[in-house]
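The values are calculated or read from the model by the stated rules, or taken from the named source; none is laboratory data. Everything numeric in this text was worked out from a predicted model, so none of it was measured. Reconstructed Cβ throughout: ideal geometry from the backbone, glycine too, with neighbour counts over all protein chains shown. Heavy atoms of the whole protein, side chains included, go into the accessibility calculation; ligands, DNA and RNA do not. Shrake-Rupley method; radii C 1.70, N 1.55, O 1.52, S 1.80 Å.
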Amino acid sequence: MPLLRIVNYPEKVLLEVAKPVGSEDFANGLRHLVDDMFETMYSAGGVGLAAPQVGVSKRLFVMDCSGGEDPSQKVALINPEILSVEGEQYGDEGCLSFPGIYTKVHREMRTVVRFLDVSGEEQELDVTELPARCVLHETDHCDGIVFLDRMSPLKREMARRKIRKLQKTGEWE
Ligand code: NI
């Protein structure tokens, strides 16, 4: 399976609200896209990857917080909708569209998300800790929100400075 190209911030597609996945998408190679996104995510060493990150402005993402160890954690969420959030966690976060940037970010501790699976069946997930962080981060991508937007102003400025430096030396495309 071919690996997809992951786009880096501030590529326009990362900053747009993505379009809902429709029945025509299910009929036209959605499963193929999802397979390629899993392959690309595993290859890049990530635990989540949203379609806008591979240049596709559609509301879907793949995640596996076990890094391929536990098949039950490998899941594709199509048209995700956050039903509820609860509590708080503060921990390190990264993003495949921000290579080399890891920063502590506040997120809710628990979330319930409703979505369609690759067969078009409605499902719900009730997750905490890292999977909750991942669901919230990836659902943000579907809304054109990146984790830079979730950082404290000080951490955001530090991240911006690092990105500018990497852009200057050509290490950030
Ligand atoms: Ni991300």
task: Assign unit charges at the C-beta atoms only (+1 for Lys and Arg, -1 for Asp and Glu), then state the dipole size of segment 1-128 relative to its Cα centre in Debye, rounded to the nearest 20.
output: 440
query: Residue separation times 0.36 nm, minus the C-alpha to C-alpha distance between Glu81 and Ser66: what's the value?
result: 3.1 nm
message: Along its three principal axes, how long is segment 12-168 when you only count alpha carbons? Whole Å, largest extent first please.
response: 44, 36, 30
- prompt: Relative contact order of segment 12-168: what whole-number percent is it, with Cα pairs under 8 angstrom and at least 6 residues apart?
  reply: 24
field: Most fluctuating residue given options Leu130, Leu30, Leu83, as computed from a GNM of the chain linking Cα atoms under 10 Å
entry: Leu83
query: Measuring with a 1.4 Å probe in the full set of protein chains, what accessible area per residue, in whole Å², belongs to the chain?
result: 52
message: Classify segment 1-79 from the C-alpha gyration tensor, please: rounded if a/c falls under 1.5, else prolate or oblate depending on whether a/b exceeds b/c.
response: oblate
message: Distance between the C-alpha centers of segment 111-170 and segment 32-100? Whole Å please.
response: 9
- prompt: Once the dipole of the chain is set up with Lys and Arg at +1 and Asp and Glu at -1 on Cβ about the Cα centre, which of Ala51, Ala159, Leu4 lies farthest towards its positive end?
  reply: Ala159
task: Would you calculate, for the chain, the mean residue ellipticity at 222 nm contributed by helices, counting each DSSP H stretch of 4 or more residues as -39,500 (n - 2.57) and dividing by all residues, to the nearest 500?
output: -9000 deg cm²/dmol
- request: State the answer as a single residue: which of Tyr102, Asn79, Gly91 lies farthest towards the positive end of the charge dipole of the chain, with beta carbon charges of +1 for Lys and Arg and -1 for Asp and Glu, about the Cα centre.
  value: Tyr102
